[in-house]
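**Student:** Structure in structure tokens, see below.
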Amino acid sequence: MSLTPLKFMLPTFTTTTTRIPPSLSVLPPHICTSTNRVLLSHCKKVNFSAGLYSKKLFYRQPIISVKSQLKCSSPLISSDDHWGLWSVLLATGAFGIWSEKTKFGSVISAALVSILVGLAASNLRILPYEAPAYSIVMEYLLPLTIPLLLFRANMRQLIQSTGKLLLAFLIGSVATVIGTFVAFSIVPMRSLGADGWKIAAALMGSYIGGAVNYIAVSEALGVSPSIVAAGVAADNLIYLEECSRLKATDKLPVLPTVTGIAVSFAICKLSSFFATSFGLQGGVLPIATAVVVALATALPQVFTYLAPSGDAISLILMQVFFAVIGASGSVWNVINTAPSIFLFALIQVTVHLAVILGLGKLFQIELKLLLLASNANVGGPTTACGMATAKGWDSLIVPGILAGIFGISIATFLAIGFAVTVLKYM
């Protein structure tokens with residue numbers, strides 16, 4: 001009875017000291033991969049449980065030498081090379097920030113540059129796909145970023161300073177929610193599995209607040225890194241996202257910087273305690289957002305003093321996070337999933353714009369306020385500031401920034417709430 005060959009072949013033999021039956025096309029038992037030798041036991045019964053065959057094989061010579069054809073897939077920088085990994089991650093983040101000074105980088109944003117560099121490095125096997133350093137970024141540095149970004153989130157000042165722009169911004173937020181519902185009804189992204197409704201919620205958070213909300217929602221809902229990277233790529237095709245381009249000074253005073261970092265650590269510790277006590281999985285980032293907004297509103301002078309340092313440190317940490325997202329992803333997954341996410345985001349933003357203009361006209365709000373509010377929704381506080389400056393709307397520069405900060409303060413809660421109550425069941 002002939003034996004059906006398996007689909008993979010024996011490695012090439014360099015020195016043959018015994019004859020292997022030609023019908024055998026599987027590796028014999030007892031392989032020692034470290035020495036590249038195959039140890040064959042005398043009178044050893046080889047039983048293939050897959051149901052292909054079962055036969056007794058007898059060999060008189062105990063050892064044959066085998067030339068391995070397995071390719072080494074280890075990355076250039078191993079997962080336990082902590083110095084090497086942190087050097088590359090920080091260098092990638094620095095390169096992303098520097099790239100915005102170039103024409104290409106200014107178009108696609110520092111965030112996408114850092115993701116693409118990290119993605120290329122891991123897929124070219126320079127960096128590993130998984131490493132303890134990545135876990136540190138996700139578990140500690142990412143939560144640390146949230147309070148640093150929101151030191152300016154004084155709700156009392158925002159309500160007093162924005163005037164009718166705040167109403168326009170709230171209408172824009174409602175328009176984003178409606179856009180998300182319509183887009184997900186048309187493009188449910190079922191090919192992404194459970195990540196479909198999660199990335200829809202993350203983009204909703206981005207188009208109410210900014211990039212930090214996209215990250216916070218993705219982390220809270222557990223979106224896979226490749227989908228997160230594809231979402232950032234699609235988002236940058238829809239809108240030239242500049243939320244990560246924070247206005248940081250070149251020289252930072254030491255005391256506010258170290259104080260800001262210490263305060264952010266304390267807020268994260270408190271948030272982690274509450275999340276653990278109440279069993280809120282993924283709740284650290286939303287709780288940290290709520291805590292820092294409350295503190296910035298209650299102690300505006302203190303947090304305004306810390307804000308410039310917070311902007312600079314959070315910018316660096318965000319770029320390291322984007323580098324990790326890229327390094328953890330698969331380039332083929334990004335290529336395969338980005339088109340459907342792009343189509344979803346295109347419909348989402350189109351509906352947002354139509355709704356905010358329609359409702360704004362109904363409420364008799366000036367067109368420039370509606371456009372600035374939409375810019376603050378989709379682009380964030382810095383793009384709203386840029387638009388107001390470019391258009392010569394000097395009186396709207398500060399209100400535009402405050403409206404964008406308000407969006408960052410509320411977007412994570414709105415997106416997660418809408419995701420678990422509506423999107424998840426669509």
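The values are calculated or read from the model by the stated rules, or taken from the named source; none is laboratory data. Everything numeric in this text was worked out from a predicted model, so none of it was measured. Positions of Cβ are backbone-derived with ideal geometry, glycine not excepted, and every protein chain shown enters the neighbour counts. Please note that ligands, DNA and RNA were not included when accessible areas were found on the heavy atoms of the full protein model with its side chains. Shrake-Rupley method; radii C 1.70, N 1.55, O 1.52, S 1.80 Å.
**Student:** Assess whether residue 329 counts as being of a type outside the set (A, V, I, L, M), in contact (Cβ under 8 Å) with a residue 60 or more places away in the chain, open to solvent by less than 70 Å² (accessible area, probe 1.4 Å) and not in a helix (DSSP H, G or I).
**Tutor:** yes
**Student:** Would you kindly identify the helices (runs of 4 or more DSSP H) lying entirely within the stretch 98-164 that contain at least 2 residues that are modelled with pLDDT of 90 or more?
**Tutor:** Filter on the stretch 98-164 gives 110-123, 132-136, 142-149.
**Student:** So, in the stretch 386-426, how many residues would count as being outside any helix (DSSP H, G or I) and touching a residue at least 60 places away in the same chain (Cβ under 8 Å)?
**Tutor:** 2
**Student:** Going residue by residue through the stretch 267-290, is there one that turns out to be surrounded by 17 or more Cβ atoms within 10 Å (Cβ to Cβ), under 30 Å from residue 101 (Cα atoms), in contact (Cβ under 8 Å) with a residue 24 or more places away in the chain and not aromatic (Phe, Trp, Tyr)?
**Tutor:** no
**Student:** Answer yes or no: is there a residue in the stretch 196-208 that is of a type in the set (Ser, Thr, Tyr), surrounded by 24 or more Cβ atoms within 10 Å (Cβ to Cβ), out of contact with any strand residue (DSSP E or B) (no Cβ under 9 Å at 6 or more places or on another chain) and part of a loop (DSSP other than H, G, I, E, B).
**Tutor:** Yes, the conditions are met somewhere in the stretch 196-208.
**Student:** Going through 180, 145, 162 one at a time, which residue ends up being within 30 Å of residue 270 (Cα to Cα), hydroxyl-bearing (Ser, Thr, Tyr) and in contact (Cβ under 8 Å) with a residue 24 or more places away in the chain?
**Tutor:** When all the criteria are applied, what remains is 145.
**Student:** Among the candidates 383, 350, 337, single out the residue that is touching a residue at least 40 places away in the same chain (Cβ under 8 Å), more than 20 Å from the chain's Cα centre (by Cα) and surrounded by 15 or more Cβ atoms within 10 Å (Cβ to Cβ).
**Tutor:** Going through 383, 350, 337 in turn, just one is touching a residue at least 40 places away in the same chain (Cβ under 8 Å), more than 20 Å from the chain's Cα centre (by Cα) and surrounded by 15 or more Cβ atoms within 10 Å (Cβ to Cβ): 383.
**Student:** Quick check: is even one residue across the stretch 105-124 open to solvent by 50 Å² or more (accessible area, probe 1.4 Å), in contact with a helix residue (DSSP H, G or I) (Cβ under 9 Å, 6 or more places away or on another chain), of a type outside the set (A, V, I, L, M) and more than 14 Å from residue 232 (Cα to Cα)?
**Tutor:** no
**Student:** In contact (Cβ under 8 Å) with a residue 60 or more places away in the chain and within 30 Å of residue 119 (Cβ to Cβ): does that describe residue 373?
**Tutor:** So residue 373 does not fit the description; no.
**Student:** Counting only residues that are in contact with a helix residue (DSSP H, G or I) (Cβ under 6 Å, 6 or more places away or on another chain), outside any helix (DSSP H, G or I) and modelled with pLDDT of 85 or more, how many does the stretch 228-279 have?
**Tutor:** 0
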